[in-house]
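Here the structure is laid out as structure tokens; the discussion comes afterwards.
The values are calculated or read from the model by the stated rules, or taken from the named source; none is laboratory data. Being a predicted model, the structure only gives us computed values, none of them experimental. Please note: Cβ atoms are built from the backbone with ideal geometry, for glycine as well, and neighbour counts cover all protein chains shown. Note: accessible area is taken over every heavy atom of the protein model, side chains too, but ligands, DNA and RNA are not part of it. Shrake-Rupley method; radii C 1.70, N 1.55, O 1.52, S 1.80 Å.
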Amino acid sequence: MHDLQKKDLQYIWHPCSQMKDYETFPPIVIERGEGAYLYDVEGKCYLDAVSSWWVNLFGHSNKKINQAIAAQVEKLEHVIFANFSHKPAIRLAEEIVKITPGGLNKVFFADNGSSAVEVALKLSFQYYQQIGKPKKTRFVAISESYHGETLGALSVGDIDLYNEIYKPLLLKTFKAEGPDCYRCKYGQSRETCDAQCFEAMKAVIEVHHEEIAGVIIEPMIQGAAGMKIYSPIYLKKLQELCTQYDIHMIADEIAVGFGRTGKMFACEHAGVSPDIMTLSKGLTAGYMPLSLTLMTDKIYEVFYDDYLALKAFMHSHSYTGNPIGCAIACASLKIFQEENILESNLMKAACIREKAENLLKYPHVGEFRQLGMVGAIELVENQESKKGFDWQKRVGYQLYQMALKEGVLLRPLGNVLYFMPPYVVEEKEIDLMIGTAEKVIKEYFGYA
Ligand SMILES: *Cc1c(COP(=O)(O)O)cnc(C)c1O
């Protein structure tokens, strides 16, 4: 073990990890990054096929973004955001309002995805308190939802691995069974789907709407659930029902925003405009923690009054609206335009599809699914039964280690191996990413 690894393990508690695992699989100490690649202290190179936890857009140590940071730090690193403002935040807010779905005209700043979700929930709750519908206190989420890991965000999450033990601490929320396209209970195919599964959500809303403030959803792809992709019809139906029953539709675009799904924002696939939208991850192209919660004027106005009416939204974080983060986000949006990113991603996405579909020939590859720059392979015991492997087998974890040896950072979610590379990948990197996935699958399952 490298000295740095020993020191790391002496002092550091890593996220989302059983630290005992690190005894046999110590942390990889990264020295530098360039484009889609990371280099460790021993010079070994890794292709970052998961965009460093879904945040990176234009590669590591991107020249244009590095320059934007250098220019900003020379002027202003940070300033209190209450009563004060600065150019990068103003520019960013104006740009974001322009490019997000219509009606989202006001922008609240925070500093990570979970905080943006907390802001969304608090706003929605307070809105109904202040318009005289105090019974609307609860939120609805769908099965296997993920919205972050602070207590409020966990409350609208439905992944046991993250929230089971904390349940006594969490808000009481409603869970509606969500779409499960690979194992569709309604016997539909992608072609015949009319989001029949929306019935479950409809039932919850029809019975409980008087108590419901908002429905929170990851549009188009449930990321942490294993890149579960579902029909835009579901979102259309959700928006209609939310409007009918005066419920906020909260779109959590933290993972799917900024071109991940092929559109700038995933809501565009369905042509829906939520009442509240959360953004983070790709917002700063993978450089800095920053997040935004956008909302309609209708919501904003319910908080707008004389101070003595005590209707203000008294939420804040110390690093709210950090100027360096905002300058990076502005630089990132500029890259989208200058380099025509959404269009060049079309070719890259097609390339991922073409190569990954080949893996369907292996009996343990149950499905390949893809939307834009997100592709996922679901591994199963066999294609007929679609039965997943027991979590105790830790199939994904072993594939992860095998792929790292090959120099590719693929980090499966349970039995789902996914590809979510930075947008700077070229065919060569796509080949390496999918070729390595194939190699480790063949090796693990012992195919000749
Ligand atoms: C990552 C994620 C979050 C939480 O963001 P953090 O910055 O990790 O707190 C919330 N919602 C979704 C959909 C995410 O993917």
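Looking at ALA153, ALA200, which one is among the aliphatic types (A, V, I, L, M), farther than 24 Å from SER114 by Cα and in the same structural domain as TYR234 (by TED's automatic domain parsing)?
ALA200
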* To do: Only residues in segment 11-28 that are surrounded by 10 or more Cβ atoms within 10 Å (Cβ to Cβ) count as the first member; pair them with residues that are modelled with pLDDT under 95, Cβ under 7 angstrom, at least 6 apart or cross-chain, and list the lot.
  => PRO26/MET1
* Structure fact -> Of the listed residues (SER115, SER143), the one being touching a residue at least 24 places away in the same chain (Cβ under 8 Å) and farther than 15 Å from MET277 by Cβ is SER143
* Structure fact -> In segment 93-113, residues that are farther than 21 Å from HIS78 by Cβ and of a type outside the set (D, E, K, R) total 8
* Structure fact -> When SER51 is run through (1) over 19 Å from PRO422 (Cα atoms); (2) out of contact with any strand residue (DSSP E or B) (no Cβ under 9 Å at 6 or more places or on another chain); (3) within 16 Å of the ligand (Cβ to nearest atom), the failure sits at (1)
* Checklist (1) under 24 Å from VAL50 (Cα atoms); (2) open to solvent by less than 20 Å² (accessible area, probe 1.4 Å) applied to ASN322, failing item -> (1)
* Structure fact -> Within segment 302-316, restricting to residues that are open to solvent by less than 50 Å² (accessible area, probe 1.4 Å) and assigned to a helix (DSSP H, G or I), the one that is farthest from ALA36 (Cα to Cα) is ALA309
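This table checks each residue for (1) at positive phi; (2) in the same structural domain as GLU177 (by TED's automatic domain parsing); (3) open to solvent by 20 Å² or more (accessible area, probe 1.4 Å).
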| position | (1), (2), (3) |
| --- | --- |
| MET227 | yes, yes, no |
| LEU235 | no, yes, no |
| GLY271 | yes, yes, yes |
| ILE276 | no, yes, no |
| MET295 | no, yes, no |
| TYR300 | no, yes, yes |
* If we scan segment 146-167, do we find a residue that is in contact with a strand residue (DSSP E or B) (Cβ under 7 Å, 6 or more places away or on another chain), closer than 20 Å to THR296 by Cα and either in a helix (DSSP H, G or I) or not β-branched (Val, Ile, Thr) (or both)? -> no
* Can you pull out the helices (runs of 4 or more DSSP H) entirely within segment 7-106 that have at least 3 residues that are farther than 27 Å from ALA224 by Cα and at pLDDT 95 or above? -> 63-75, 87-99
* Asked: Out of all the residues in segment 326-347, is one or more outside any loop (DSSP other than H, G, I, E, B), in contact with a Lys or Arg (Cβ under 7 Å, 6 or more places away or on another chain) and aromatic (Phe, Trp, Tyr)?
  -> no
* Please name all residue pairs, on different chains or six or more residues apart, with Cβ atoms under 6 Å, provided the first residue is in segment 383-410 and is within 12 Å of VAL440 (Cα to Cα) and the second residue is among the small types (Gly, Ala, Ser) and outside any loop (DSSP other than H, G, I, E, B). => LEU410/ALA403
* **Single match in GLU339, GLU426, GLU438 (criterion: more than 25 Å from the chain's Cα centre (by Cα) and not basic (Lys, Arg))** => GLU438
* Restrict the check to segment 46-67 and report whether at least one residue is touching a residue at least 60 places away in the same chain (Cβ under 8 Å), open to solvent by less than 50 Å² (accessible area, probe 1.4 Å) and over 25 Å from the mean Cα position of the chain (by Cα). => no
* Structure fact -> Per the list (1) surrounded by 16 or more Cβ atoms within 10 Å (Cβ to Cβ); (2) under 29 Å from MET264 (Cα atoms); (3) more than 26 Å from the chain's Cα centre (by Cα), residue check on GLU367 breaks on (3)
* Asked: Do the conditions hold for GLU31, that is, is it over 21 Å from PHE258 (Cα atoms) and open to solvent by 50 Å² or more (accessible area, probe 1.4 Å)?
  -> yes
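Results for (1) more than 16 Å from the ligand (Cβ to nearest atom); (2) within 21 Å of the chain's Cα centre (by Cα); (3) under 30 Å from GLU339 (Cα atoms), shown as yes or no for each residue.
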site	(1), (2), (3)
VAL97	yes, yes, yes
GLY113	no, yes, yes
ALA120	no, yes, no
PHE125	yes, no, no
THR137	yes, no, no
GLY157	no, yes, no
* Structure fact -> Taking segment 72-82 and the residues there that are within 12 Å of GLY321 (Cα to Cα) and of a type outside the set (A, V, I, L, M, F, W, C), the one that is most open to solvent (accessible area, probe 1.4 Å) would be GLU77
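How many residues are in a strand (DSSP E or B) and open to solvent by less than 40 Å² (accessible area, probe 1.4 Å) if we restrict to segment 107-116?
3
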